Amino acid sequence: MNTDIVYRALSEQIGEDRLEKNARMAEHTSFLAGGRAAVLVTPGNVRQLRYAMKIIAEEKVPFFIMGNGTNILVRDGGYRGVVVKIGSALSDIIINDRGIEAGAGALLKHIAEKALEKGLTGLEFAAGIPGSAGGAAYMNAGAYDGEMSRVIERVEILKSDGSEIYSLSSDEMGYGYRTSKLMATREVILSVALKLTAGKRDDIALKMDDFNSRRKQKQPQDYPSAGSFFKRPPGNYAGTLIEKAGLRGISVGSAMVSMLHAGFIVNTGGATATDILALMKLVQERVFEHSGIMLEPEVRIIGEQDGFEA
Ligand SMILES: Cc1cc2nc3c(=O)[nH]c(=O)nc-3n(C[C@H](O)[C@H](O)[C@H](O)COP(=O)(O)OP(=O)(O)OC[C@H]3O[C@@H](n4cnc5c(N)ncnc54)[C@H](O)[C@@H]3O)c2cc1C
């Protein structure tokens with residue numbers, strides 16, 4: 001299989017310690033559920049990442065870029081390709097005149113903490129989102145009064161065959177609600193430049209505390225999840241529609257619609273991706289019957305239904 005060729009090339013150039021064969025994706029995702037990836041590589045720097053993307057392109061192997069794994073579900077049959085994990089090696093956070101520049105692997109929480117420390121306002125909304133800068137810039141993550149598209153100045157991007165690095169402004173990223181044009185190009189975000197403004201540290205801290213306590217009150221923090229499972233339908237809320245269809249607390253296997261926030265599907269312990277996806281389908285069908293609205297998952301779902309030999 002071509003994944004074996006890629007594995008061998010990567011182990012020679014990058015080292016076995018940055019590689020996993022038959023990787024259990026439940027260990028890499030916030031859902032703590034799902035199948036295995038044939039190969040998972042965590043490059044240690046941009047040069048290694050470029051090499052990995054080049055080899056993957058040359059061998060025409062399917063690939064998936066992941067950040068912190070907080071918006072991903074891998075089907076139980078596993079992923080027959082290479083998962084490229086943008087980990088802590090690309091997580092520098094640099095303060096400059098115009099704001100903050102963060103490596104794709106930097107966690108939003110850490111960037112928001114740095115912004116607070118330096119008295120920069122604009123990123124308070126993101127402090128409680130558990131993703132990386134790259135994942136958030138790709139998804140156009142948002143909460144409360146903010147969205148990544150409004151604080152991003154430029155995104156540094158690597159072409160998916162590793163050949164070229166270029167940058168796009170926020171306007172050029174084709175942002176919409178939880179979408180960006182990278183969903184079609186499948187390129188890799190290397191870093192994100194954020195435009196923030198000077199503010200009062202006390203006000204920033206107060207706003208972050210307020211958002212975080214609202215999150216604690218309204219969102220299930222006691223069970224693994226991938227956040228809101230469904231996108232917000234125009235003019236409505238997924239959680240409200242699910243609740244109105246009488247689905248709060250409904251479960252399939254160990255996957256359950258959260259009692260606290262019906263927009264979340266949670267893993268109550270040992271849920272499989274099959275449980276989660278069957279519950280997703282059930283919720284979609286019942287909500288459609290009840291309201292005529294078809295909910296679309298926000299969570300990125302990858303992999304195969306049936307198993308494979310890595
Ligand atoms: C408890 C909880 C609360 C949440 N609350 C919110 C919320 O309030 N608002 C919100 O918007 N989301 C929320 N989320 C979802 C999630 O945290 C965000 O979507 C986040 O931006 C995903 O970042 P990540 O690094 O985990 O990306 P991943 O889950 O690893 O990947 C998500 C997508 O981004 C792509 N991607 C990741 N990194 C890169 C990269 N460097 N280059 C190119 N593509 C990349 C992946 O291919 C994938 O398609 C929540 C999740 C949890 C578990």
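The values are calculated or read from the model by the stated rules, or taken from the named source; none is laboratory data. Here the structure is a predicted model, which is why all the values come from computation and not from measurement. Every residue, glycine among them, receives a Cβ derived from its backbone with ideal geometry; neighbour counts consider all protein chains shown.
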Does residue 211 qualify as being within 16 Å of residue 147 (Cβ to Cβ) and either within 11 Å of the ligand (Cβ to nearest atom) or not assigned by TED's automatic domain parsing to the domain that holds residue 129 (or both)? yes
Over segment 132-153, the set of residues more than 11 Å from the ligand (Cβ to nearest atom) and modelled with pLDDT of 95 or more is 149, 150, 151, 152, 153
Kindly check whether there is at least one residue in segment 164-181 that is among the hydrophobic types (A, V, I, L, M, F, W, C) and either assigned by TED's automatic domain parsing to the domain that holds residue 53 or touching a Gly at 6+ places or on another chain (Cβ under 8 Å) (or both). no
In the set 195, 200, the lone residue that is more than 21 Å from residue 101 (Cβ to Cβ) and not polar (S, T, N, Q) is 200
Is it fair to say residue 143 is in contact with a helix residue (DSSP H, G or I) (Cβ under 9 Å, 6 or more places away or on another chain) and either without any contact (Cβ under 8 Å) to a residue 24 or more places away in the chain or surrounded by 24 or more Cβ atoms within 10 Å (Cβ to Cβ) (or both)? no
Filter segment 156-191 down to the residues that are of a type in the set (Val, Ile, Thr), more than 9 Å from the ligand (Cβ to nearest atom) and in contact with a strand residue (DSSP E or B) (Cβ under 6 Å, 6 or more places away or on another chain) and list them by number. 165
